[in-house]
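One structure is given here, and the rest of the page talks about it.
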Amino acid sequence: MLWYTPGPESIGYEEEIIKAGATGVRLTFSYSTTSYQAERALLHRKIARDCGRDFAVVADIAGEKYRLGRFVGVPSIRVAAGEEFRLITGEVSDPKADRTLTVTTPTFFSGLESGDLITVGDGNTVLEVSLVSAGAASVVVTVNGTVNQSRGLTVQGDHFRPRCLTDKDLSDLRFVAKSDLFDNVALSFVADASDLRRAREILSSSALPVELTAKIETSAGVENAAEISKEADMVMAARGDLALAVPWVELPAAVTRIETAANETGTPWILATQLVEGLERFIIPTRAEICDLANWAHRGCAGVLLSYETAFGARPIDAVATVRSLLDRWSV
């Protein structure tokens with residue numbers, strides 16, 4: 001199983017990507033409209049049919065994403081360790097002038113605790129919470145870095161539980177159920193089996209069967225991996241957000257725990273994030289990437305999801321062909 005994520009660098013190359021070995025496409029409902037995703041689903045179905053390939057169309061449901069608001073005058077600011085800022089609910093701030101950063105989702109503050117570490121983006125910088133009050137928090141920059149407007153925020157710890165199903169997500173699920181265009185739904189931030197049961201109830205109205213993939217990307221999801229695996233048709237070790245939600249040195253243990261839970265319940269599991277990004281610099285993936293993917297494939301990983309490599313990477317077709325070669329060689 002090899003799913004890919006389309007993006008600016010791969011649009012127009014769908015046939016080549018499918019012929020290179022992709023067996024599914026992940027259409028991300030975080031972006032654009034449902035009608036656009038329906039068009040992309042139809043396109044991939046037609047191309048796969050014309051190529052005579054079995055192919056899955058996957059609807060990736062966004063979940064609740066905590067983000068910074070926009071900045072006045074600049075898209076980003078440089079920050080230094082020891083600097084202090086105040087986080088407040090809002091859409092726009094002037095961080096240089098008043099030392100404030102807005103967070104667009106008020107519920108972000110409900111589970112925040114003093115001492116929490118907040119990662120901005122994919123690790124551009126880290127903020128430590130020094131004080132929490134109603135709808136606000138004081139934070140201290142822990143490492144020199146950059147804060148970009150509208151970037152995501154991830155809190156490290158067991159109490160970080162963004163909602164799996166927002167009102168938008170429920171609407172998107174109802175669209176998927178009516179459209180009969182999708183084979184699989186990937187749910188973000190699955191914390192326990194109740195998220196899956198709620199989604200499955202909505203999808204039960206679909207004329208065609210739709211499988212559920214649980215993306216495990218928080219500490220709570222890892223903790224409840226066993227019950228999630230029992231309820232899901234498939235689970236995903238979504239290493240992107242997971243590496244920020246747990247101490248990074250614990251990421252291998254978290255993935256192993258997901259693998260163990262999936263194996264014990266006989267549930268296929270998928271590996272995601274930074275599989276062959278080394279192709280941006282070298283002719284072949286990095287040695288670490290080659291060994292990483294071969295290791296998990298040989299241990300029984302059912303498949304992988306390519307993200308940046310095919311959405312924004314310079315060599316989307318090569319990325320698919322390279323991963324296909326590794327999976328064909330090392331999958332059990």
Using every alpha carbon pair in the stretch 222-332, what percent of pairs falls into each 5 Å bin from 0 up to the bin containing the largest distance? 2, 12, 22, 23, 20, 13, 6, 2, 0
Okay, which of the stretch 218-251 sit inside 14 Å, backbone N to the point 7 Å along the Cα-Cβ direction of Glu264? 222-231
Given the Cα-Cα distance of Tyr13 and Lys96 and 0.36 nm per residue of separation, how much length would full extension add, in nm? 25.6 nm
Which residues qualify? For Ala238, with a placed amide H closer than 5 Å and at least 5 residues away or on another chain, they are Ile216
Gyration tensor on Cα atoms of the stretch 85-161, a ≥ b ≥ c root eigenvalues, a/c under 1.5 rounded, else prolate if a/b beats b/c, else oblate, says rounded
So what does the Cα-only Debye profile of the stretch 145-230 read at q = 0.10, 0.13, 0.14, 0.19 Å⁻¹, as log10 I(q)/I(0), no solvent term? -0.30, -0.48, -0.54, -0.86
Rounded to the nearest 20 debye, what is the charge dipole size of the stretch 1-66 about its Cα centre when +1 sits on each Lys and Arg Cβ and -1 on each Asp and Glu Cβ? 140
Taking a crude spin-label model, label points 7 Å out from Cα along the C-beta direction, the Asp158 to Ala207 distance in nm is 4.8
Diffing the stretch 119-135: the Karplus 3J(HN,Hα) column from phi (6.51, -1.76, 1.60, θ = phi - 60°), in whole Hz with x for Gly and Pro, holds 8, 9, x, 8, x, 5, 6, 10, 10, 9, 6, 9, 7, 10, 10, 4, x
Using only alpha-carbon positions, what ratio does the radius of gyration of the chain give when scaled by 2.2 N^0.38 Å? 1.00
So what J values fall out for the stretch 186-198 if you push phi through Karplus, 6.51 cos²θ - 1.76 cosθ + 1.60 with θ = phi - 60°, rounded to Hz, Gly and Pro as x? 9, 9, 8, 6, 5, 9, 7, 5, 5, 4, 5, 5, 5
Can you compute the modelled spin-label distance between Glu250 and Thr105, with each label point 7 Å from Cα toward Cβ, in nm? 2.1
In nanometres, what is the gap between the two model label sites at Ile284 and Lys46, each 7 Å from Cα along Cα-to-Cβ? 4.0
Among the lysines, select those whose C-alpha is under 24 Å from the C-alpha of Lys46, and discard any that sit fewer than 8 residues away in the same chain. Lys19, Lys178
Taking the dipole about the Cα centre of the chain, with the C-beta of Lys and Arg at +1 and of Asp and Glu at -1, give me whichever of Val176, Ala80, Met234 is farthest to the positive side. Val176
For the stretch 1-160, what does the alpha-carbon gyration tensor say about shape, rounded, prolate or oblate, given a ≥ b ≥ c as the root eigenvalues, a/c under 1.5 as rounded, and a/b over b/c as prolate? prolate
Counting only residues 5 or more apart in sequence or on a different chain, those whose built amide H sits under 5 Å from that of Ala186 are Ala59, Asp60, Ile61, Thr213
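Any read-out appearing in this document is the output of simple, stated calculations on the displayed coordinates, not a laboratory observation. All values reported here derive from a predicted model rather than from experimental measurement. Cβ: placed from backbone, ideal geometry, glycine included. Neighbour counts: every protein chain shown.
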